[in-house]
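Here the structure is laid out as structure tokens; the discussion comes afterwards.
The values are calculated or read from the model by the stated rules, or taken from the named source; none is laboratory data. Remember, it's a predicted structure, so these values are computed and weren't measured experimentally. As a convention, Cβ positions derive from the backbone with ideal geometry for all residues, glycine included, and neighbour counts pool all protein chains shown.
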Amino acid sequence: MSLATDLTGRVALVTGSSRGLGAATAQQLAQLGAEVVVTYRTGADEAADVARLVSESGVRGHVHRLDMGDADSIAELFEWIATDGPGRLDILVANAATTSFKPLVDQKRHNVERTFAISVTGFLDAAQRSVPLMRTTGQGRIVAVSGADTRGYGPVHGLMAAAKAAMEMLVRYLQIELAGTGITAIGVNPDAFRSAGPELMFGDFYERLMQFLGAIHPLGRVAEAEEMGALVAFACTDAALWLTGTTIDADGGAMFAKAGRAVETAAMMSPEALSSVTAALSALHSPPEEPGQG
């Protein structure tokens, strides 16, 4: 392991890490040597499984409930970290997110408030509480997980895109305002990747969507959660120092390719296949609410 990516002796907190990208990130951080605090809102058993996998890497894995939309829950977690938990914090990965997937004109005030409470207010609250703990060690890394819906239109993703875009701007300001403290901030914007959450949301359409996105991707497939988790974990290392203050677009060239190759791929599809994809995309205008924060 390169010294630039060695996280031995450091403690990482990953929000929304009972499944999906958060779980993959927690496991990748453990493989780099970090002690990891795994958090969940509803998936206690899943979080315990992730912590067990973390421990199998030879580091300590902790489990703690966290609702990023609840100020008291955030305060209680950081009190535990400082007193009864690891006693230090070197890395914060803000991954938890939830929203109501509806067109913007159909969003209710409580949908907007909940989405921003987790991704914006909760993120800033956690960052503020992380800073005093990080100051004691003279170093720290704050990582915000953004989303591809900030780079291009996604049906019924407008509200989430707005919240994630705000996170990216907070990263830029935190990087400057924390100058001289040894604490840095970075964003990671992952493109589409395979994960249990979206599969649950989209049902039978999920596999067709993955195949379609893979067909127009320069790498010929979409990423696995473990691959994106490895990139988020890399963003937590010293090797990523000169990427701080920015948001990494982890898309393998997909953003640039989609506009042209989507048309090209559609032109080569049979009328029956194209009709199926079009109907499925139309159905996305009334999907269920995203399943929680992990």
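Residue-by-condition table, conditions (1) charged (D, E, K, R); (2) out of contact with any Phe, Trp or Tyr (no Cβ under 9 Å at 6 or more places or on another chain); (3) closer than 30 Å to Phe101 by Cβ; (4) surrounded by 17 or more Cβ atoms within 10 Å (Cβ to Cβ):
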site	(1), (2), (3), (4)
Ser119	no, yes, yes, yes
Ser130	no, no, yes, yes
Gly138	no, yes, no, no
Ser146	no, yes, yes, yes
Asp149	yes, yes, yes, yes
His157	no, no, yes, yes
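So Arg172 passes all but one of these: (1) buried (at least 18 other Cβ atoms within 10 Å of the Cβ); (2) of a type outside the set (Phe, Trp, Tyr); (3) farther than 26 Å from Asp72 by Cβ; (4) at pLDDT 95 or above. Which condition number does it fail?
The failed condition is (1).
Just for helices (runs of 4 or more DSSP H) wholly inside segment 126-232: which have at least 2 residues that are touching a residue at least 24 places away in the same chain (Cβ under 8 Å), within 16 Å of Leu21 (Cα to Cα) and touching a Lys or Arg at 6+ places or on another chain (Cβ under 9 Å)? I'd like the intermediate steps shown before the answer.
Working: elements: 158-177, 196-202, 205-215.
Because the criterion is at least 2 residues that are touching a residue at least 24 places away in the same chain (Cβ under 8 Å), within 16 Å of Leu21 (Cα to Cα) and touching a Lys or Arg at 6+ places or on another chain (Cβ under 9 Å), the helices (runs of 4 or more DSSP H) in segment 126-232 that meet it are 196-202.
Could you say whether any residue in segment 58-65 is of a type in the set (A, V, I, L, M), surrounded by fewer than 24 Cβ atoms within 10 Å (Cβ to Cβ) and in contact with a strand residue (DSSP E or B) (Cβ under 9 Å, 6 or more places away or on another chain)?
Scanning segment 58-65, I find at least one residue that is of a type in the set (A, V, I, L, M), surrounded by fewer than 24 Cβ atoms within 10 Å (Cβ to Cβ) and in contact with a strand residue (DSSP E or B) (Cβ under 9 Å, 6 or more places away or on another chain), so the answer is yes.
This table checks each residue for (1) touching a residue at least 12 places away in the same chain (Cβ under 8 Å); (2) under 21 Å from Ser146 (Cβ atoms); (3) among the hydrophobic types (A, V, I, L, M, F, W, C).
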| site | (1), (2), (3) |
| --- | --- |
| Gly9 | yes, no, no |
| Ala23 | yes, yes, yes |
| Leu32 | yes, no, yes |
| Arg52 | no, no, no |
| Arg60 | yes, no, no |
| Ala71 | yes, no, yes |
| Ala75 | yes, no, yes |
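Working only within segment 61-84, note down all residues that are more than 25 Å from Val188 (Cα to Cα) and part of a loop (DSSP other than H, G, I, E, B).
Correct list: Thr83, Asp84.
Would you be able to say whether some residue in segment 234-246 is assigned to a loop (DSSP other than H, G, I, E, B), at pLDDT below 90 and closer than 27 Å to Gln27 by Cα?
Scanning segment 234-246 turns up no residue that is assigned to a loop (DSSP other than H, G, I, E, B), at pLDDT below 90 and closer than 27 Å to Gln27 by Cα.
Checking Gly87 against (1) assigned to a helix (DSSP H, G or I); (2) loosely packed, with under 15 Cβ neighbours inside 10 Å: exactly one of these is not met. Which one?
Of (1) assigned to a helix (DSSP H, G or I); (2) loosely packed, with under 15 Cβ neighbours inside 10 Å, only one is false for Gly87: (1).
Kindly indicate the residue of segment 24-57 that is modelled with pLDDT of 95 or more and among the polar types (S, T, N, Q) and also surrounded by the most Cβ atoms within 10 Å (Cβ to Cβ) among those meeting that condition.
Residues of segment 24-57 that are modelled with pLDDT of 95 or more, as a first pass: 24-41, 44-57.
Checking the rest, the ones that are also among the polar types (S, T, N, Q) come to 25, 27-28, 31, 39, 55, 57.
Values: Thr25: 31, Gln27: 24, Gln28: 25, Gln31: 19, Thr39: 29, Ser55: 15, Ser57: 18.
Selected residue: Thr25.
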